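Enquirer: This is the structure, below, for whatever I ask next.
Quick note: the coordinates plus some simple rules give every number you see, no bench work behind them. This is a predicted model, so every value here is computed, not measured. Don't worry about glycine lacking a Cβ; one is built from the backbone with ideal geometry, like all the others, and counts go over all protein chains shown.
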Amino acid sequence: MRDNENYWQRLRRRPVTRRSFLVGSGVAAAGSAAILAGCGDDDDDDDDAAAPAATQAAAATQAAAAATEAAAEEQAAAATEAAAATQAAAQEEAGPDKHGGTLKLWKTEEDAGLDPGVFHLNNTEVIYSTMTQPYTYQPTKNVFAMDGMVGFEQVDPTTFVWSIRPGMKFHNGDPVDSEAVAFSFGRLEKLYRALDGTHTTRTGFAFVDSFEPTDDLTVTEHWARPNADAPVYRARHYYSFLNPRVVDEFGKFEGSYEHADGTVEDVYSVQELPHGSGSGPFTMVKRDATGTRLERWPDYHKHTPADDGFVEDGPYIDTWETRVIPDQTAAKAAFLASDLDVFAPVDPLELPEFDGLDHINIVELPAGGRSSQGMDGGKFHDKRARQALQKAFDYEGFIAAIRPLGGKYAAPITDLLPAYQKLSQSDLQQWLRFDPAEAQALWQAADFVVPVDNIKVFMPTGSPLQHEISDFMAQSLEKALGPIGITAEVEAVDGNSWAARAVDRSTDIKDWEILSYGDGAAGGTTGVPNDSSLIHYDPRAYGFNAFNHYLESPRPEIAEGSATIIDMLNAQEAETDPEARAVLLTELQSWILDNHWCNWGLPISSVSYYGFSARLQDQGVADWLNFYDRRRESMWLQKG
Amino acid sequence: MAQEQSALELEYAIPPRQRFNPLKWARREPFGAFGFALIIFIVFMSAAAPVLRTAPPNEFAVGPPLAGPNTENWFGTTARGKDVWSRVLFAGRISLKIGVATVLLGTLGGTLIALLSAYAGGAVDFAVGRIADMFIAIPGLLLALVLHSSISADLPDLPGLQREELYLVVAISLFFMPGTYRIMRGIVLELRESTYVEAAQVVGSSSFRIMWRHIAPNMFGLMIVITSISLPAAILAEASLSFLGLGVPIGGLDAVPSWGADLSGSSRRFFSVAPWLAVFPGLALAITVFGFNIFGDSLRDSLDPRLRGRI
């Protein structure tokens, strides 16, 4: 009887079977997916062909870029004014009851070290908050706001005198005096030498001969040559005041430094930043793979009178909590759920998602981002090879695909420094022009000591947009140079591994061809042309350790170019007249572009968007572009 | 007497082998047949991707950014103007390729190790068993991460299998192999003690001959079942690893789209404003896994009478 049963009869007799369960779930899932798909934008009105759509997007982008360029300064001023007005109104409304609480931030990776004198990624939130710097500098307002110093004076073109704020103490009670400050500043060059140049901030102190404590609260520094940016450099995080006693007690031996008189000094670092290292407004109470937590230090020194961004009695905010969230989408979800106070950059395409959300403020800011492509001088020593790479890149296609809502060509110096960056978009397009035929001819004519038939674009993970940029780069290079047998690929690794391989100096050639970094979606400037971004071309900085473009290069043309650009970099740095300096900087940028030197910037977004929680007040929007947001002690959090 | 003999012959006669009738099987196992049809559909769509595509899958700006499904881009476009339909089609290739290669390596490897170690017995069996225990104790994802950082850079490019694809195959196979070994070892231990194996030993057959001619053929049915059930899990594992950025190459003209990778990366930022970025790759993945699952389940019912479907 049973043998004659068909499937349906058996099915009726059965309790729940695995198969029934699977079928039921599958049908439910497929149905749900179909309903969701049906909810999508079904608008077929736009029946333009694919290629015209891209062209239209490119044209729209160009128009947007032109409009943005013309209105950039106005927008910046308007945005700043509007933000200031909003903040002022909010402050007025709130009155004197400025609430502390916990400010919740995020970063994509944990730090690899905290010593302010050694270059590492992902550590500035700790250094700026737990340590004291001389002051902050806001290029948009040209304002120095005093912090650890109460004044400075340039006695002559090569002598600078600092006056330290009286009454400051490190977190362990040790006094902050001229000995400590001179030690903190003087160790930068020693660390650079001891670590064999593996950190790249040297442009900020390479011109200094010595730092000397003159009396308890005065430090005098002597320079080997004048430097127009010296005061601005002093606002950077590596000029933090570090407690020498803590370094003595907990320091890790890094190497030796030989003085001019032949004496040798051991050099130590404090990568863990033990308690007592700093004298800043916060102390670090947690640092692990999940993030950092900084709590207000009750004995923090007073700022009397308080300069812009500082308050007399120390910061309003009680705690800074920075979570490691490797995934930007997860960070966005946390921000939308009020679990983060800041989210940046916001992609222009995702702006509709933030519409109508009362707990979030989206602020538009001029974009000073950078999307860099460093070239290994060990392989691309012939400038024709570097030029071939630049001619093999489809700039207009890139803007259409990656910057669909507005993109602009990038000069070696950021547009956020209009006093120094004078090259127009049309100037830049003369150098940055897609020409596959010329690229092939240049590549074939170029000399290669190390043969290159595959171009590896090497990038850090963290920013999904960076993946798209590197993908576009690899595709563009392979399309243009593929006919002569060149292939291209992308390799992505975590940020710390990427940085280690980027500056690996164990051989004269890198294990990648192009070092891709920066998604160009947003960014700011410290106010120094070197920081933004001549340092990427400097044979004493990234040019040396990341791109093998340096004075002692075994490739003669690289060594010769290095000598030339170092002279030009020194000349512009020594020029204190802004107009004369702008002329020198234009010549320098032209030389870089003529020689396809070392690195090139892809078109960047012409606008950027930052997301702030509505409870965050007086955040000083411009400070988030200057990197001194961590020093803005007047920020506070609205209750509720 | 003759009548008795003929009754005995009838009782012990080897029944004629029944020919496999697909239509009869489809009537008996309609969901299995439906699963098989889904698999054929996915294989066809993936194989015909170069013909069915509406744009190169990696090409940027073939349409406006985040365009919804329309007549030009049937499944819409990504934030960078890539065609989702074409990407979904091509992504099926990597899923099937990695899935099949993984399951073949994992199942064959696990079966072979089980056959050799269980038949040998003693110290060999004990040692192999403990190694399998060790691998089972390590979470699969952790194992994949360790392998990625330790061996992926040193793997060679094989014909038809790039270095990154080979890494996926090795990482996922290592996850499946110990489980297969465990199941197969039990079968070998049972078969080793069977009468016909003892008979073969008595007549002086070599160990290799016994394993190859008498034990292995009896493992074949279960091997097919394990293969069909492991395959959807392997496809999901590939999608998961690609989702985490440990999958196939992510850039360049030869980069292969993957459903898992397309469900992660930059697309995820735009899921709420462009749901088609999640729906179509997700649906393709779900259909494939569903197809293999119900097909494998029916196959199990058909080939293994001891495991008739009740849960």
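Enquirer: Using DSSP to define loop residues, name the chymotrypsin sites (Phe, Trp or Tyr not before Pro) in the range A:220-274 whose beta-carbon has at most 16 other beta-carbon atoms within 10 Å.
Expert: Passing sites in the range A:220-274 do not exist.
Enquirer: At 10 °C and 1.306 mPa s, what whole-number value in µm²/s does Stokes-Einstein give for the translational diffusion of the range B:90-143, with Rh from the Kirkwood sum over Cα pairs? Provide the component values of the computation, followed by the final result.
Expert: On the way: Rh = 12.9 Å.
Stokes-Einstein gives a translational diffusion coefficient of 123 µm²/s.
Enquirer: Ratio of Rg to Rh for chain B, alpha carbon only, Kirkwood?
Expert: Numbers: Rg = 23.9 Å, Rh = 22.1 Å.
Dividing the radius of gyration by the Kirkwood radius yields 1.08.
Enquirer: Strictly over 28 Å apart at the Cα level, which of A:Lys479/A:Lys510; A:Lys252/A:Lys456; A:Lys169/A:Lys190; A:Lys107/A:Lys190 would you flag in this model? Please report the intermediate quantities before stating the final value.
Expert: On the way: A:Lys479/A:Lys510 24 Å; A:Lys252/A:Lys456 36 Å; A:Lys169/A:Lys190 25 Å; A:Lys107/A:Lys190 30 Å.
The answer is A:Lys252/A:Lys456; A:Lys107/A:Lys190.
Enquirer: If you don't mind, another one. Net charge near A:His596: determine it from the other residues with C-beta under 15 Å of the C-beta of A:His596, scoring Lys and Arg +1 and Asp and Glu -1. Can you show the working numbers first?
Expert: Numbers: positive: A:Lys379, A:Lys383, A:Arg384, A:Arg386, A:Lys391, A:Arg433, A:Arg555; negative: A:Asp376, A:Asp382, A:Asp435, A:Glu438, A:Asp447, A:Glu513, A:Glu557, A:Glu560, A:Asp594.
Around A:His596, the charge tally is -2.
Enquirer: Restricted to Cα positions, what overall size does the range A:372-600 have along the principal axes? Three whole-Å values, descending.
Expert: 50, 44, 37
Enquirer: Another one. If you average the C-alpha positions of the range A:321-351 and of the range A:236-251 separately, how far apart do those two centres end up, in angstrom?
Expert: Taking the Cα centre of the range A:236-251 as reference, the centre of the range A:321-351 is 33 Å away.
Enquirer: Provide the net charge surrounding A:Asp308, with neighbours chosen by a C-beta distance below 12 Å and charges set as Lys +1, Arg +1, Asp -1, Glu -1. Don't skip to the answer; put the middle values down first.
Expert: Details: positive: A:Lys141, A:Arg631, A:Arg632; negative: A:Asp147, A:Asp307, A:Asp618, A:Asp623, A:Glu633.
Once all neighbours under 12 Å are counted, the net charge is -2.
Enquirer: Here is a further query. Tell me, rounded to the nearest percent, the portion of alpha carbon pairs in the range A:114-220 spaced more than 17 Å apart.
Expert: Details: 3451 of 5671 pairs.
For the range A:114-220, the share of Cα pairs beyond 17 Å comes to 61 percent.
Enquirer: List the residues whose amide H sits under 5 Å from the amide H of A:Gly523, counting only those 5 or more places along or on another chain, with H placed 1.01 Å from N in the peptide plane.
Expert: A:Gly368, A:Gly369
Enquirer: Please compute P(r) over all alpha-carbon pairs of the range A:501-548, binned at 10 Å starting from zero, and give each bin as a whole-number percent.
Expert: 23, 48, 25, 4
Enquirer: If you don't mind, another one. If the reach is capped at under 17 angstrom between alpha carbons, list the lysines near A:Lys639, excluding any in the same chain fewer than eight residues apart.
Expert: Qualifying lysines at Cα under 17 Å: A:Lys98, A:Lys104.
Enquirer: Give the Debye-formula value of log10 I(q)/I(0) at each listed q (0.09, 0.10 Å⁻¹), with one equal scatterer per alpha carbon of the protein assembly as shown, two decimals each.
Expert: Once normalised to I(0) and log-transformed, intensities are -1.04, -1.22.
Enquirer: Across peptide A:468-476, how many C-beta atoms of other chains are within 10 Å of each residue C-beta, on average? Kindly include the intermediate steps, with their values, before the conclusion.
Expert: Working: counts 9, 2, 3, 12, 6, 2, 8, 9, 2.
Average per residue, whole number: 6.
Enquirer: Through the Karplus equation 6.51 cos²θ - 1.76 cosθ + 1.60, θ set to phi - 60°, convert the phi angles of the range A:454-469 into ³J(HN,Hα) values in whole Hz; use x for Gly and Pro.
Expert: 9, 9, 8, 8, 10, 9, x, 6, x, 9, x, 5, 4, 4, 5, 5
Enquirer: Reported to two decimal places, what Rg/Rh ratio describes the range A:405-460 when computed on Cα atoms with Rh from the Kirkwood expression?
Expert: Details: Rg = 16.0 Å, Rh = 14.7 Å.
On the Cα set of the range A:405-460, Rg over Rh gives 1.09.
Enquirer: Roughly speaking, what % of Cα-Cα pairs in the range A:539-627 are separated by over 23 Å, rounded to a whole number?
Expert: On the way: 1853 of 3916 pairs.
It works out to 47 percent of all Cα pairs.
Enquirer: Normalised by the empirical 2.2 N^0.38 Å for globular proteins, what value does the Cα Rg of the range A:222-381 take? Display every interim value, and only then the final one.
Expert: Working: Rg = 21.8 Å, N = 160, 2.2 N^0.38 = 15.1 Å.
Normalised Rg, Cα atoms only: 1.44.
Enquirer: How charged is the neighbourhood of A:Glu212? Take every other residue with its Cβ under 11 Å from the Cβ of A:Glu212, and add Lys/Arg as +1 and Asp/Glu as -1. Before the final figure, lay out the partial values.
Expert: Details: positive: none; negative: A:Glu179, A:Asp209, A:Asp215, A:Glu221.
Spelling it out: positives minus negatives among the neighbours equals -4.
Enquirer: OK, next. Explain nothing, just compute: Karplus ³J(HN,Hα) = 6.51 cos²θ - 1.76 cosθ + 1.60, θ = phi - 60°, for every residue of the range A:343-355 in order, whole Hz, x for Gly and Pro.
Expert: Rounded to whole hertz, the list is 9, 8, x, 8, 5, x, 6, 9, 4, x, 5, 9, 4.
Enquirer: Could you give me the ³J(HN,Hα) list for the range B:290-300, computed from phi with Karplus coefficients 6.51, -1.76, 1.60 and θ = phi - 60°, whole Hz, x at Gly and Pro?
Expert: Residue by residue, the range B:290-300 yields 4, x, 5, 5, 6, 5, x, 5, 5, 4, 4 Hz.
Enquirer: Which of the three applies to the range B:68-210, rounded, prolate or oblate, going by the alpha-carbon gyration tensor with a ≥ b ≥ c and a/c under 1.5 meaning rounded?
Expert: Working: a/c = 3.29, a/b = 2.37, b/c = 1.38.
Because a/c hits 1.5 or more and a/b exceeds b/c, the range B:68-210 counts as prolate.
Enquirer: Further question: In deg cm²/dmol and to the nearest 500, what is the mean residue ellipticity at 222 nm of the protein assembly as shown if only DSSP H runs of at least 4 residues count, each as -39500 (n - 2.57), divided by the residue total? List each step's numbers first, then the result.
Expert: On the way: 30 runs with 426 residues, N = 951.
Taking each H run of at least 4 residues, the total per residue is -14500 deg cm²/dmol.
Enquirer: Per q in 0.21, 0.23, 0.32 1/Å, what log10 I(q)/I(0) does a Debye calculation on the alpha-carbon atoms of the range A:220-264 return?
Expert: Results for the range A:220-264 at q = 0.21, 0.23, 0.32 Å⁻¹ read -1.06, -1.07, -1.05.
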